[in-house]
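Trainee: Here you go, one structure.
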Amino acid sequence: MTSSAKSFDGFSDEERAAMKDHARELKADSRRRSQADKEALAEQDVVAKIAELTDTDRVLAEGFHQLIKKIAPELAPKLWYGMPAYYRDGKLVCFFQSAAKFKARYATIGFSDQAALDDGDVWPTTYALTALTPAAESRLTDLVVRALS
């Protein structure tokens, strides 16, 4: 076997599942009638997905969802690849990724390029979250507020 003929295993089971989730999300969204209907049902989808999460992930996702509703009610909750995510003007701003989804050591809060977190030539866009302490809530609040500025 030559070096140019290396095998490619493709996507992991978790990645394939996330892509299938995304396809289902797009299909469900296209079937919803009005914008108000889409928004209300999208939030129900997010709440239902959070309820499916296991112990720690569920507690963290519920806390992050409530934090977003409190500090950034202009963000619309919607699933993104099977993860709770929050949009402004139809564009992804931030999301919660459970530890279990990709068999990771910790859950993460991620921000898209729509988030105004720019800081020089290099800056973080994903943050590990192991507990939703007052300090963690304060840090997430600062990040979300900054992301929306």
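Trainee: Just from its helices, what would the mean residue ellipticity at 222 nm be for the chain, if runs of 4 or more DSSP H residues each count -39500 (n - 2.57) and the sum is divided by every residue, rounded to the nearest 500 deg cm²/dmol?
Mentor: -15500 deg cm²/dmol
Trainee: With respect to the cross-link table entries Lys49/Lys101; Lys20/Lys91; Lys20/Lys70; Lys38/Lys91, which display a Cα-Cα separation exceeding 23 Å?
Mentor: Lys20/Lys70
Trainee: A follow-up question, please. Once the dipole of the stretch 13-147 is set up with Lys and Arg at +1 and Asp and Glu at -1 on Cβ about the Cα centre, which of Gly63, Trp80, Phe96 lies farthest towards its positive end?
Mentor: Projecting each Cα onto the dipole axis, the largest value belongs to Trp80.
Trainee: Let me ask something else. Give the long-range amide H neighbours of Ala72: residues separated by 5 or more places, or on another chain, with amide H under 5 Å away, using H modelled in the peptide plane at 1.01 Å from N.
Mentor: For Ala72, whose amide H was placed from the backbone, there are no distant partners under 5 Å.
Trainee: I would also like to ask the following. What chymotrypsin sites (Phe, Trp or Tyr not before Pro) does the stretch 54-146 have in DSSP loop regions with at most 16 other beta carbons within 10 Å?
Mentor: Phe102, Tyr106
Trainee: At what distance in nm do the modelled label points of Tyr106 and Arg24 sit from each other, each positioned 7 Å from its Cα along Cα→Cβ?
Mentor: For the pair Tyr106/Arg24, the computed spacing is 2.9 nm.
Trainee: Which residue, chosen from Tyr106, Ala116, Thr141, occupies the Cα position most advanced towards the positive end of the dipole of the chain, where the dipole is computed from +1 (Lys, Arg) and -1 (Asp, Glu) charges on Cβ about the Cα centre?
Mentor: Farthest towards the positive end: Tyr106.
Trainee: 5 Å is the cut-off here: which amide hydrogens, built 1.01 Å from N in the peptide plane, fall below it relative to Ala107, excluding neighbours closer than 5 in sequence?
Mentor: Ala99, Leu129
Trainee: Oh, and also: Rounded to the nearest 20 Debye, what is the dipole magnitude of the chain about its Cα centre when Lys and Arg each give +1 and Asp and Glu each give -1 at the C-beta?
Mentor: 380
Trainee: What range in the chain is the longest one free of trypsin sites (Lys or Arg not before Pro) that are in a loop by DSSP and have at most 12 other Cβ atoms within 10 angstrom?
Mentor: 34-102
Trainee: If I compute percent of Cα pairs over 26 Å apart from the structure I just sent, which labelled value in (i) 29; (ii) 19; (iii) 24 lines up?
Mentor: Given (i) 29; (ii) 19; (iii) 24, the structure-derived one carries the label (i).
Trainee: Mind checking the dipole of the stretch 80-149: about its Cα centre, +1 per Lys or Arg Cβ, -1 per Asp or Glu Cβ, Debye to the nearest 20?
Mentor: On the way: 7 positive and 7 negative charges, 81 e Å.
In total the dipole reaches around 380 debye.
Trainee: For an R0 of 25 angstrom, estimate the FRET efficiency from the Cβ-Cβ distance between Ala128 and Ser12 and round to the nearest 0.05.
Mentor: My answer for the efficiency is 0.80.
Laboratory data are not the source of any read-out in this text; all were calculated from the coordinates shown. Quick caveat: nothing in here was measured; it's all calculated off a predicted structure. Positions of Cβ are generated from backbone atoms using ideal geometry, with glycine treated the same way; all protein chains shown enter the neighbour counts.
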